[in-house]
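Written below as structure tokens is the structure these notes are about.
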Amino acid sequence: SIKSHDMPDVIDFLVLHQFYNEAKERNWQIGDRFRSIIDDAWWFGTVESQQPFQPEYPDSSFQCYSVHWDNNEREKMSPWDMEPIPEGTAYPEEVGAGVPVTTEELASLLYKPQEGEWGAHSRDEECVRVLRGIDQLLSLDISNPFAVPVDLSAYPLYCTVVAYPTDLTTIRRRLENRFYRRISALMWEVRYIEHNARTFNEPDSPIVKAAKIVTDVLLRYIGDQGCTDILEIYNKVKAEDLSSTDEEEEVAEVFAESDGPGTSSGKRTARQRVKRQPVKACADAWREQCKQLLSLIYEREDSEPFRQPVDLFSYPDYRDIVDTPMDFSTVKETLEAGNYGNPLEFYKDVRLIFCNSKAYTPNKKSRVRCNV
């Protein structure tokens with residue numbers, strides 16, 4: 001997760017790893033000429049010197065170059081903000097002015113997918129294929145509730161409940177614009193169709209069931225790169241859904257003793273549809289299983305950092321980063337008090353422990369992060 005700040009004169013930015021590596025390899029020297037995009041135009045300058053922006057971070061590349069712009073202004077620049085000047089580049093007629101950036105130049109600066117990030121195909125091939133699949137999916141009535149963004153005038157509380165709204169049209173436009181850098185990012189957003197529906201609506205409501213079908217169909221289609229007809233997958237998923245629904249009910253022969261007059265055999269046969277009754281003994285079995293799981297976790301030495309709430313005296317900035325603290329002792333108390341209504345609520349709190357650890361301990365080599 002990322003937390004942004006709102007401090008004046010402090011830069012907010014993200015640099016893609018691909019661009020960062022390319023920038024480090026350029027190895028700018030004093031006197032080198034460069035260009036940089038500012039407000040949709042190229043501006044030109046010369047490298048004057050190099051030194052750490054902050055002496056306590058001597059290896060940092062952030063704003064390590066002092067540059068002299070052609071308009072006689074001077075500034076600190078980072079290597080990822082500077083581009084080499086290609087041969088044959090047209091300079092502005094007036095020294096110190098800018099040159100408009102062309103559409104082709106902007107396209108050349110976008111992320112370039114690496115091998116395997118879109119499976120066996122290229123990003124363009126997969127985007128075109130998935131776009132066709134979404135168009136087919138949009139022709140089905142079941143996709144109507146997820147076709148366009150939720151109407152906030154009709155559901156004003158939606159954005160207070162759902163953190164990441166999305167829909168099929170938004171995903172479609174992002175595919176057209178090559179928004180997704182990897183196929184995994186596309187699949188991540190598709191999953192939010194079901195997640196959002198389940199978050200905002202009752203778990204067993206028709207719209208949640210429809211969202212699950214739409215999400216499953218689209219994810220299977222994306223995962224099967226040889227598939228070109230999403231309707232085949234839809235029919236298969238729909239059949240599976242109907243089959244699982246039918247299993248919940250069964251037709252039973254009910255033989256009952258009859259006390260009514262006029263019966264010659266003393267018995268009558270009735271055919272009726274009865275709903276399976278859940279076995280009471282199994283209804284709460286998950287609680288005992290969760291307790292057993294916690295016991296196993298407590299037996300592991302690796303669980304030690306997560307057994308008790310974080311000591312805020314030792315880590316005073318913890319609440320600045322973690323919004324909802326969680327630990328295994330709190331989970332155990334909640335479970336024993338019977339305050340978890342279902343195993344999903346238990347799962348969410350356990351997962352929150354690990355998410356908090358990753359948020360507060362970004363160093364993957366740390367002992368706490370390795371234990372996660």
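The values are calculated or read from the model by the stated rules, or taken from the named source; none is laboratory data. This structure is a prediction, so every number in the text was calculated from the model and none was measured. With ideal geometry, Cβ positions are generated from the backbone for all residues, glycine too; neighbour counts draw on all protein chains shown. Side chains included, ligands, DNA and RNA excluded: accessible areas come from the protein's heavy atoms. Shrake-Rupley method; radii C 1.70, N 1.55, O 1.52, S 1.80 Å.
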Under-5 Å amide H pairs with residue 41, H placed in peptide plane, nonlocal only | 101
Distance in nm between label sites at residue 50 and residue 235, each 7 Å beyond Cα in the beta-carbon direction?
-> 6.3
Where labels lie 7 Å past Cα in the beta-carbon direction, separation of residue 71 and residue 298 in nm | 6.7
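List, in the order given, every pair from 209/236; 212/236; 291/348; 24/112; 24/76; 24/358 whose Cα-Cα distance in the structure shown is over 24 Å.
Working: 209/236 15 Å; 212/236 14 Å; 291/348 15 Å; 24/112 17 Å; 24/76 16 Å; 24/358 28 Å.
Check vs 24 Å cut-off fails for 24/358.
Percent of alpha carbon pairs in segment 1-145 separated by more than 20 Å? Could the numbers behind the result be given before it?
Details: 6656 of 10440 pairs.
That fraction is 64 percent.
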Convert each backbone phi in segment 59-76 into a coupling constant with the Karplus relation 6.51 cos²θ - 1.76 cosθ + 1.60 (shift: θ = phi - 60°), then list the ³J(HN,Hα) values in order as whole Hz, x for Gly and Pro.
-> 8, 6, 8, 4, 6, 8, 9, 9, 10, 10, 6, 5, 8, 6, 7, 10, 7, 8
What list of ³J(HN,Hα) values in whole Hz, one per residue of segment 335-345 in order, does the Karplus curve 6.51 cos²θ - 1.76 cosθ + 1.60 (θ = phi - 60°) give from phi, with Gly and Pro shown as x?
-> 5, 5, 7, x, 8, 8, x, 7, x, 5, 5
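Going by average Cβ density within 10 Å per residue, which order do the peptides 303-313, 165-175 take, highest to lowest? Please list the in-between numbers first.
Details: 303-313: 13.5, 165-175: 17.0.
Sorting 303-313, 165-175 by mean packing, highest first, produces 165-175, 303-313.
Could you work out the mean projected area of the convex hull around the alpha carbons of segment 75-169, in square nanometres to one decimal? Display every interim value, and only then the final one.
Details: hull surface 50.9 nm².
Dividing the Cα hull surface by four gives the mean projection, 12.7 nm².
Are there GluC sites (Glu not before Pro) in segment 79-170 that DSSP puts in a loop and that have at most 11 other Cβ atoms within 10 Å, and which ones? Can you show the working numbers first?
Numbers: sites: 87, 93, 94, 104, 105, 115, 117, 125, 126; in loops: 87, 93, 94, 115, 117.
Here the GluC sites (Glu not before Pro) that fit, given the DSSP loop and packing criteria, are 87, 93, 94, 115.
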Rounded to whole Hz and in sequence order, give me ³J(HN,Hα) for segment 77-90 from the Karplus expression 6.51 cos²θ - 1.76 cosθ + 1.60, θ = phi - 60°, writing x for Gly and Pro.
-> 10, 9, x, 6, 8, 10, 10, x, 8, x, 5, x, 5, 7
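From the protein chains alone at 1.4 Å, what is the descending order of accessible area for 30, 142, largest first? Can you show the working numbers first?
On the way: 30 125, 142 35 Å².
These residues rank, largest area first, as 30, 142.
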Simple spin-label estimate for residue 227/residue 97, 7 Å along Cα→Cβ, in nm, reads 5.6
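Suppose we take every Cα in segment 24-86 and form the convex hull; what volume per residue is that in Å³? Could the numbers behind the result be given before it?
Numbers: hull volume 5.5 nm³, N = 63.
Spread over its residues, the Cα hull of segment 24-86 gives 87 Å³ apiece.
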